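What follows is a single structure, written as structure tokens, with notes after it.
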Amino acid sequence: DILSKRINDDSTIYKPSIGIICFYKFQVQFIENLLKRSSLLEGNNIKVCTINDIQGDEKDIIIISCSRANIAKSIGETDSKNRLNVALTRAKTASILVMNKATFEFNFMWAALIMHYKQRNRLFSVNSNHKVFDEFFTVY
């Protein structure tokens, strides 16, 4: 809803290009279906794709969606430093990483990234009432 309000705000002259990237094709399909139902894809520069599909492309804003959340702390395909490197280097202006911290903080590579964001006060716990996305998109 917050993303929808910011993107469809007619007072916004510049609409940034947005990439929503996922590690799994199923997750791409799921997010695309959600966006189609909300009509967010119409008239906006939003691309939803896998990390492999965005190689060589850039967007103003990249939202990296990490779909793993489980008590076994298994992160599957997200344990690839090459794929993470591609994901983190596609944004021209800003990256937003959406993940289940409890699952990823047990992996050395992801723990270092989480610590990086935490040390810079850029790590937020978000629930449906949190204003972090609202605050972020006021810039645009």
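The values are calculated or read from the model by the stated rules, or taken from the named source; none is laboratory data. Here the structure is a predicted model, which is why all the values come from computation and not from measurement. Positions of Cβ are generated from backbone atoms using ideal geometry, with glycine treated the same way; all protein chains shown enter the neighbour counts. We work out accessible area using only protein heavy atoms, side chains counted, and drop any ligands, DNA or RNA first. Shrake-Rupley method; radii C 1.70, N 1.55, O 1.52, S 1.80 Å.
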* To do: Check the stretch 56-76 and report whether any residue there is in contact (Cβ under 8 Å) with a residue 40 or more places away in the chain and exposed (fewer than 13 other Cβ atoms within 10 Å of the Cβ).
  => yes
* Structure fact -> Residue pairs within 6 Å by beta carbon, gap of at least six or interchain, first lying in the stretch 111-140 and at pLDDT below 55, second open to solvent by 90 Å² or more (accessible area, probe 1.4 Å), listed first then second, are V132/F124
* To do: Looking only at the stretch 36-55, count how many residues are polar (S, T, N, Q), under 17 Å from the mean Cα position of the chain (by Cα) and open to solvent by 40 Å² or more (accessible area, probe 1.4 Å).
  => 3
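Let's see how each residue does on (1) over 17 Å from P16 (Cβ atoms); (2) at pLDDT below 90; (3) out of contact with any Leu (no Cβ under 7 Å at 6 or more places or on another chain); (4) assigned to a helix (DSSP H, G or I):
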{"site": "N33", "(1), (2), (3), (4)": "yes, yes, yes, yes"}
{"site": "L41", "(1), (2), (3), (4)": "no, yes, no, no"}
{"site": "K47", "(1), (2), (3), (4)": "no, no, yes, no"}
{"site": "E77", "(1), (2), (3), (4)": "yes, yes, yes, yes"}
{"site": "A87", "(1), (2), (3), (4)": "yes, no, yes, yes"}
